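None of the figures in this text is laboratory data; all of them are computed from the coordinates on show. These figures come from a predicted structure and were not determined experimentally. Here the Cβ positions follow ideal geometry from the backbone for every residue, glycine too, while neighbour counts run over all protein chains shown.
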Ligand code: TXA
Ligand code: MG
């Protein structure tokens, strides 16, 4: 299907991707149109191994080879200067291409079998909650794609970390499955890491749009669970660990009773979806501790709560 220019949703360790042949401009255009994604937001290119992924970069610094050896297959996307073979549409006209080797047997088998790099954004309509099961993909995009490979729920549950390598020190453009702490253990201190808690988010990566991952139900972030709860008919709660007085909620999703980031991350998008579908009038949440995967979770949470910053891309 990929070789024929079709669109195949497939599981990765992070979220489901919506894949097409990255070298086929028409297939890439179809991805944008299926997602209703604005053309200024570039796609990540996936390959079956580091050698093949890095073969699409013009200059590959030693640090990229080291990162690839250490973190791939895995939830890390490296931005490197693209070769001409990668269509401008894939990178939204930017000089760098995002490259990643996913850590999922289905994704790797598909990439090997396809014999081409696969451009794939998360398999959700633009701006909406990312899919972590094949059913999520079918519900949102089933009518617009050719096939879904069902690999069960995604292990990590949020997207890859997007890392820019220079000029200057490497910097994180999107927090994700590889933590800032583990990157810094490997690279030393990173430059000016973006904070989801900042008032305005700099748009060095087009995907840093303030509003993203949005449920249809309004979502509010409370400073702590001790804050006064808004008066609504039906209240939903999205909690890292069990909040005090769970009976105040008509519907409550506790991501990890023991406070385990890995468990909470794996459940985050599915919990947001299920609250959204539950018929509550408002979802409230509190920030995660701003360490480890908590940074990536806060990033998703704050964007999901944000009001639209622009109309229709
Ligand atoms: O885990 C993931 O990364 C998933 C799976 C399917 O691999 N993919 C994913 O793709 O999350 P998407 O398109 O939903 O998010 C890609 C992010 C966006 O924020 C985009 O702006 C950024 O990566 N990005 C991709 N290529 C870029 C580039 N050349 N320069 C700057 N940012 C880039
Ligand atoms: Mg996405």
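Which FRET efficiency, nearest 0.05, do residue 3 and residue 182 yield, Cβ-Cβ r, R0 30 Å? Don't skip to the end; give the middle numbers.
Working: r = 36 Å, r/R0 = 1.19.
It comes to 0.25.
Using the alpha-carbon atoms, what tilt in degrees (0 to 90, nearest 10) does helix 105-114 show relative to the longest principal axis of the chain? For 105-114 against the chain, the angle is about 30 degrees.
If R0 is taken as 30 Å, the Cβ-Cβ distance between residue 224 and residue 278 corresponds to a FRET efficiency of 0.80.
Using the beta-carbon distance between residue 231 and residue 263 and R0 = 25 Å, what value does 1/(1 + (r/R0)^6) give for FRET efficiency, to the nearest 0.05?
Values: r = 32 Å, r/R0 = 1.28.
Rounded to the nearest 0.05, the efficiency is 0.20.
Helix 261-277 and the long axis of the chain differ in direction by around 70°, with both axes built from C-alpha atoms. The simple spin-label model puts a point 7 Å past each Cα toward its Cβ; for residue 84 and residue 290 those points are separated by 4.6 nm. Once the chain from residue 109 to residue 146 is taken as fully extended at 0.36 nm per residue, the excess over their C-alpha distance is 11.5 nm.
Let me check against my output: what whole-number percent is the relative contact order of segment 7-164, with C-alpha pairs under 8 Å and at least 6 apart? Let's see the in-between values first.
On the way: 355 pairs, mean separation 62.4, N = 158.
Relative contact order of segment 7-164: 40 percent.
From Cα pairs below 8 angstrom and at least 6 apart in sequence, can you work out the relative contact order of the chain, rounded to a whole percent? Kindly include the intermediate steps, with their values, before the conclusion.
Details: 689 pairs, mean separation 59.5, N = 313.
Computed value for the chain: 19 percent relative contact order.
Taking each DSSP H run with n ≥ 4 as -39500 (n - 2.57) and averaging over every residue of the chain yields -8000 deg cm²/dmol at 222 nm. For the chain, the longest principal axis of the C-alpha atoms and the axis of helix 25-35 are separated by about 0°.
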